[in-house]
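Just below is one structure, and these are the notes that go with it.
The values are calculated or read from the model by the stated rules, or taken from the named source; none is laboratory data. If you're wondering where the values come from, they're calculated on a predicted model, not measured in any experiment. Ideal geometry is used to build each Cβ from the backbone, glycine not excepted, and the neighbour counts take in all protein chains shown. The protein model used for the area step is the full one, side chains on, heavy atoms only, and it has no ligands, DNA or RNA in it. Shrake-Rupley method; radii C 1.70, N 1.55, O 1.52, S 1.80 Å.
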Amino acid sequence: MRKATPLLPALAALLLLTACGSEQAGAPGATAPASGTPVTAPPVDGVRITSVTLPSPTPTPSSDRFSVHAEPLPTGGSGASATYEVTNSGTEALTYTILFVFTTDTGEVMANSHETVRRVRPGATARGTVRMGVPAPGASPVTRVKVSRVTKVPAAEAPPAPGECPPSGIRLTTDDGDAAMGLRVVGLHLENCGKRAYSLDGYPLLELLDAGLSPVHGVRIVHGSGGISTGTGFDEPARPLVLKPGESALSGLMWRNTTESGTAVNVPYVRVRARQGADPVTVTPGLDLGTTGKLAVRAWTRPPK
């Protein structure tokens, strides 16, 4: 699963790739990025980039003898890619979501991409390739690739892949959320992809988890807006819903990342049950609750038409 996302704080070492014997425009004796260059770097949460392929400039005769032009790029992409491997050193099968970032020599981000690697068994290593999309006109050349963030959840609790219907017949996913003036809102989306009607009455059940998937304490979960913000629809009362096959419902999480006195709380994972007794789904909204200690949850409702 791939999608564009806002840039997140980088957590990994940069991988700078150069090769001898080539020249950059206007710089006698300078080096240009290599193609298919193996790299060695420590893994980030079990994810390691093993090689990077970058488009190589080709010298072009000119009066100054040092002008170069880039080779034509492959159709549908920039030609920049990286191979990687994911090793599960845990005791249960995990699904990984990895944010890769493509940057210039100066660290300017040209593109990023999410890759999801599903059901990596304990002790197993999975391998893949991430490719940069088509760059914007006039974009600077990419010379570095890094692993910016890794999240991993139990494979049995991972959100379903696009187009996949879980055995429960219920698809529960999150959106990318909205942010403004310290206010954060992430939507929870529930789809009845099964063959039977599905009843809801109230609010999703939440369990807040830390980076090790252990419970986070000291955060108050409130039904409705809890005074965090008005006009968001969070204060609409809960009503019974019956979702026929193909129908959907919407809920959401809302919080402020205000930091005052006290210790800021980060909640990378939330285990969600659509109703009592439902199969859990662990999502990664990345709750930066600051020192507010409060998380609002909206009642299930039908999405706007």
Worksheet, complete the sentence: Those strands (runs of 3 or more DSSP E) completely within region 134-212 that have 1 or more residues that are over 17 Å from the mean Cα position of the chain (by Cα) and hydrophobic (A, V, I, L, M, F, W, C) are 170-174, 178-180, 183-192, 198-201, 205-209
Worksheet item: Under the condition of being over 16 Å from the mean Cα position of the chain (by Cα), open to solvent by less than 50 Å² (accessible area, probe 1.4 Å) and over 14 Å from VAL52 (Cβ atoms), which residue from region 110-133 is modelled with the lowest pLDDT?
Response: GLY133
Practice prompt. Can you tell me which residue among THR292, THR282 is more than 22 Å from the chain's Cα centre (by Cα), of a type in the set (Val, Ile, Thr) and either surrounded by 16 or more Cβ atoms within 10 Å (Cβ to Cβ) or at positive phi (or both)?
Written response: THR292
Practice prompt. Enumerate the pairs (first residue in region 239-262 and more than 17 Å from ALA274 (Cα to Cα); second residue anywhere and of a type in the set (S, T, N, Q)) with beta-carbon separation below 6 Å, excluding pairs fewer than 6 apart on the same chain, so at least 6 apart or on different chains.
Written response: ARG256/THR292; THR258/THR292; THR259/THR291; GLU260/THR291; GLY262/THR291
Discussion item. Out of everything in region 256-268 that is open to solvent by 10 Å² or more (accessible area, probe 1.4 Å) and outside any loop (DSSP other than H, G, I, E, B), what residue ends up being farthest from GLY169 (Cα to Cα)?
Written reply: ARG256
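Here's a check for you: in region 213-229, which residue that is in contact (Cβ under 8 Å) with a residue 24 or more places away in the chain and not in a loop (DSSP other than H, G, I, E, B) is most open to solvent (accessible area, probe 1.4 Å)?
Among those that are in contact (Cβ under 8 Å) with a residue 24 or more places away in the chain and not in a loop (DSSP other than H, G, I, E, B), it is ARG220.
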Response to the item:
Within region 263-277, residues in contact with a Ser or Thr (Cβ under 8 Å, 6 or more places away or on another chain) and touching a residue at least 40 places away in the same chain (Cβ under 8 Å) come out as VAL265, PRO268, TYR269, VAL270, ARG271, VAL272, ARG275
Worksheet item: What number goes with the only condition from (1) among the aromatic types (Phe, Trp, Tyr); (2) modelled with pLDDT of 80 or more; (3) part of a loop (DSSP other than H, G, I, E, B) that PHE66 does not pass?
Response: (2)
Worksheet item: Name the residues in region 174-195 that are touching a Phe, Trp or Tyr at 6+ places or on another chain (Cβ under 6 Å) and either among the hydrophobic types (A, V, I, L, M, F, W, C) or modelled with pLDDT under 95 (or both), would you?
Response: ARG184
Item to complete: Working only within region 230-243, note down all residues that are open to solvent by 60 Å² or more (accessible area, probe 1.4 Å) and part of a loop (DSSP other than H, G, I, E, B).
Response: THR230, GLY231, ASP235, GLU236, PRO237, ARG239
Practice prompt. Report yes if some residue within region 162-176 is of a type in the set (Val, Ile, Thr) and open to solvent by 30 Å² or more (accessible area, probe 1.4 Å); otherwise report no.
Written response: yes
